[in-house]
Every structure is written in structure tokens, then in C-alpha cells.
Amino acid sequence: MKKKNTTLLAMLFCAASFSAKAQSWSLTGNAGTAPATNFVGTKDNKALVFRTNNLERMRILPNGRIGIGTTTPQALLNVPVNGNVTLSSSDNFLLGATTGYNLAFDNNEIQARYNGAGNTLYLNYWGGATWIGNHSGSAIPGVYVASNGAVGIGNSSTNSSYALSVNPNSAGNGVLLNDPVNGYLMFGAKSGSGYGMLIENTSSSNASPTIYGYNGGTAGGYGIYGYVADGTGSGGAGVFGYNSNYGYGVGSYCYNGSGVYGYSQNYVGVWGATGNTSSYAGYFAGDVYSTGSYLGSDQKLKQNIQELNSAMDIIGQLHPKKYDYRQDGTYKLMNLPRGTHFGLIAQEVEKILPNLVKETKFESSFGNAPKKLSPDGKNEASTSTKSETIDFKAVNYTELIPIIIRGMQELQAANTEQQEKIKELENTIAALKSTNASSNSSATATAKTNISGAYLKQNSPNPFNQNTTVQYYLPASLHTAQLVLQDMSGHQLKSYVLGSGANQITIDGSSLSSGQYIYSLIVDGKKVDSKNMILTK
């Protein structure tokens, strides 16, 4: 008995001694703690576990990783999420109260809310740039918002002149819009001055269209459609194309329909201009149809106005030809007309009327129909065939019309003058006949008997520019006959001795000048007939 009591006293003494040395934490708070030496935790390589209702809620591993809701945290703080954030329910993260302004998020979703409804999410509201995403792990963000509010896509910088800058970099294409429903794919409203949209191709080696419109429907429609509601102010254009170098300002392709369609209620459907006189505002490789055509001819548009003289001299130096256009080699790409045509040779016209001839060029690459590209342009040829240039001369046939009109007026004036002289000669001949009627009645009767049946035909061709032929008939009973050629003043220029029977004679006009002449049939000293002919050179 004594031994058992001794043992119990020893155990109580040890317990009292241990209790005096142990550190205790009060549930109502502690005072006089030293943060460098006082702490809650473990001193061995063991985890610190926190429980409620005897269930583990948080664990701190020996390596310092903290897990809430997990016993194996994989980061300094690891909280598993279920991915079920909605407008009214939260996952494991919630800032604020669900009945007021709050922010909830899970592993891949951030939602700003207000009492069960969506709310505005602010990122860097008080300044600083914002990066969203990246570009294949590079330092270029998917979306970059500068501190001034400018947005850059695919670029780590923005342009202060633009609200949005898109730089696809290595991504490929810039912007893809896909709208399968009815309505606008993209709508922009502009109330200020300047361009509604400006798209610029700055590459000197890229031959692709700057703007390409494609309509894949079978019900018609437009690849690009431009509309100006009111051009009464400074004017305007539904579609405006400009090219400062060689190529197209606006290019289009259409298999069935119109490559370019323009309509204007009160001004110009299609308007083209050029910056110098050696270029063309329009070039058409093929026939052009128009229900009407006008050229500016107002007097206020002109200066140094002079009368045109000697038009027949100009016309006489022109040499109309008939010909076929070339269809071989590169020339076939020019789409020149087929069959026989009539016109002038530009080099010959240039010697006489140089202002009506213009140097022109044709690029063979323009002769090929534009490629029908897919909407993404992927079936466009990556390399282009070298273009061949054909230099040629063109004639302004329109300005030949006033020269022809003036020439006809000169011929009409000359013909009127000649008719007056002929009438005067006829009156003189009639008076002479009347005076000598009585004395020569018997001789006249004999002459009429001798020249009965003789005739003189109109020369052919008439007018002529080199030679012309005159047909005639003389009975065998006649003694002498000749063809006499006179100018309009009655001066004899040439005479030809004629034989009897049906025959013809050729008049050589090489030694004569342009104008009108009279040729007469003289039989046995008597004029049987006279006719007029016209020589042009």
C-alpha cells in the first residue's frame, strides 16, 4: 500500500511540472505574446490541419502550401472549384454580398453581379493599360487596352488616332465577321466629316484587291453596293476608287450581269477622272453601248476660237482603209473587234492632224478576267505572270466630224458657184442659138441628123481622187468627136479625140487640183452634152 501511494505522488508531481512549462492559448484572447517566438503550428515535418464539426476545412503543408477544401494543395493557395457560377449562385469565390454588388468567379469565369442580375465589370478603372490573353504564348496580348481607352487587337501598342487597332501579326487574317441571320453584318454611322471607311494597301508587291466584295448567292445582288442619299452639296460617290500608280482604282468581276453598276437619280452614275492628258478616265476592251453621248462644247469652255478653212484639203490627204484587227499572241487579250472594219491609220493621221492622235498602252495582265476569289481569298494565285506592254496609237474620230462638216460646206459652196456659172453659160448658149437660128437652120438640121443617137454618161467614180472613167457612144456616120475638159470658169484644160461606137476614156487627175470640173462631148463642132465631176485629194 505504501508503494502504490508513492507511485501516485510521483505521477502528480511530473504532471504539475509539465503543466508549468507548457504554453497555452486562451479562447478569449491572449496578451503579452512575442510574434518571433509565440505561434500556432507545428515544429516537426507535419501538416497543420483545421477542422470544424470534426471535418477538415483547411490544411497547411510543411512546404507552406495552403489548401482549402483539399488535402493536397498544388500551389501556395489552392481552392478547388466546381465551375458553376451563375447570376444568382456562387462557386468557391465571392467578393461582396449576393444581395448587393458582388463578384463571383470559378476556374474559368468571372461574373460581376448585383442582386441576381449581371453588372458592369471594371478592369483598371482608375488607369493603367489592360492586357487580355496572349498570342501563342508570345509577349503580344490578344486584346490590349491603353490607359486612354484605345484598344489594340493582336498588338501590344495602340494608335492614339484610332479607337481600335487590329494587327493580326502571325495570326493570318485581320477580322472575321460571320452573321447567318438577316440584317447588317456590320453597320457604321458617321455624322462628322472625313471618310466613313479607309482601307489602305501599303505593300508595293501585293497585287491583291484592297477591298474585295463577293456575293455567293444565286438570286443576284452586289459584291459591293454604294449609295449616296443626297449629293447636292459638294457631290459624292456611291463607290470611289483611287490609284496613284498603275493599276485599278476599282476592279470587279461578274460572270452574268454587270461588273460595275452605277445609278444616279440626279447626277452621274459612274464617274471616272484622270490626272494627266496621257491617261484615260475609262478604258474598255470591247464594244461600248450607250443610249446617248455628249461632249462638253460650251463656248465658255473654249478659247482661241478660229474658223476652220481648207477642210477639203485636209480631207483630201486622208486615206480611208479597210482592214482586220490582229488576233494573234498578246493582241488577242486586247479583245479587238473581229471581221472587216473601216477607218484610218493613226500614223497617217498624225502627219496631218497630230492633235487627234494619242499614245496609248495596254498591259496584258489587264486582258485576263479578274480571278473569282473565295471570301477568304485563299484560292488567289500567290505569284502573278509578268505583264507585257503593247504601245499603240489611238485616233479621236469624233473631232473628224467638224472637219467633214466643213468640207461638205466647202463643196456645197463650190457646187452652188459652179451651178450659177453653168446656168450663165447655158443662157449664153441659148442666146447664141437663137441669134443664129435662121442662118444655120439647114446646117443645124443636118448636124442633128448626123449626131442622132450619140450620148455621154456620168464619170465613175465620182467624186474621185486619182483617175475616173467616162463612157460614151458615137454613131459611125459622124465625122469628128472629142471630149473637152474645162474648169468652172470655162477655161479648157484637156481634150481627148474620140472614136465611133460604144467606148470609154480615162481621165487622169494627177495634174489637177481638188475641185469641180465640166466635161463636154463635141461632135462635128457641136456640143452634144455636158456633165460635172468632182476631184478630191
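The values are calculated or read from the model by the stated rules, or taken from the named source; none is laboratory data. What you see is a predicted model, and the numbers here were worked out from it, not measured in a lab. Cβ placement follows ideal geometry from the backbone for every residue including glycine, while neighbour counts extend to all protein chains displayed.
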Quiz item: Only one of (1) among the hydroxyl-bearing types (S, T, Y); (2) exposed (fewer than 10 other Cβ atoms within 10 Å of the Cβ); (3) closer than 30 Å to N173 by Cβ is not met by S138, so which one is it?
Solution: (2)
Practice problem: For S252, indicate whether it is in a loop (DSSP other than H, G, I, E, B), at pLDDT below 75 and either among the basic types (K, R) or within 21 Å of I199 (Cα to Cα) (or both). | Solution: yes
Quiz item: If you take the residues in segment 524-534 that are at pLDDT 90 or above and of a type in the set (A, V, I, L, M), which one is nearest to I314 (Cα to Cα)?
Solution: I534
Practice problem: Could you list, in sequence order, all residues of segment 342-366 that are within 31 Å of the chain's Cα centre (by Cα) and either surrounded by 12 or more Cβ atoms within 10 Å (Cβ to Cβ) or among the charged types (D, E, K, R) (or both)? | Solution: A346, L356, V357, K358, E359, T360, K361, F362, E363, S364, S365, F366
Self-check item: Which listed residue is in contact with a Leu (Cβ under 7 Å, 6 or more places away or on another chain), surrounded by 13 or more Cβ atoms within 10 Å (Cβ to Cβ) and in the same structural domain as N396 (by TED's automatic domain parsing), from Y325, Y331
Solution: Y325
Quiz item: So, in segment 374-401, of the ones that are of a type in the set (A, V, I, L, M) and over 21 Å from the mean Cα position of the chain (by Cα), which residue ends up modelled with the lowest pLDDT?
Solution: I390
Practice problem: Just give me the residues in segment 105-115 being surrounded by 16 or more Cβ atoms within 10 Å (Cβ to Cβ) and modelled with pLDDT under 90, in sequence order. | Solution: F105, D106
Exercise. Output yes when any residue across segment 85-93 is surrounded by 14 or more Cβ atoms within 10 Å (Cβ to Cβ), within 30 Å of L164 (Cβ to Cβ) and in contact with a Pro (Cβ under 6 Å, 6 or more places away or on another chain), and no when none is.
Key: no
Self-check item: Members of segment 505-514 that are closer than 14 Å to K457 by Cα and loosely packed, with under 12 Cβ neighbours inside 10 Å
Solution: T506
Exercise. Look through segment 175-208, keep the residues that are surrounded by 10 or more Cβ atoms within 10 Å (Cβ to Cβ) and touching a Ser or Thr at 6+ places or on another chain (Cβ under 7 Å), and return whichever of them is modelled with the lowest pLDDT.
Key: A207
Quiz item: Condition test on T37, is it hydroxyl-bearing (S, T, Y), at pLDDT below 95 and either touching a Cys at 6+ places or on another chain (Cβ under 7 Å) or surrounded by 10 or more Cβ atoms within 10 Å (Cβ to Cβ) (or both)?
Solution: no
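Hey, among the residues in segment 475-496 that are in a strand (DSSP E or B) and out of contact with any Ser or Thr (no Cβ under 8 Å at 6 or more places or on another chain), which one's surrounded by the most Cβ atoms within 10 Å (Cβ to Cβ)?
D487
A quick yes/no check of all residues on (1) modelled with pLDDT of 85 or more; (2) exposed (fewer than 13 other Cβ atoms within 10 Å of the Cβ); (3) aliphatic (A, V, I, L, M); (4) out of contact with any helix residue (DSSP H, G or I) (no Cβ under 9 Å at 6 or more places or on another chain):
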residue	(1), (2), (3), (4)
A117	yes, yes, yes, yes
L123	yes, yes, yes, yes
N148	no, yes, no, yes
V151	yes, no, yes, yes
T158	no, no, no, yes
N173	no, yes, no, yes
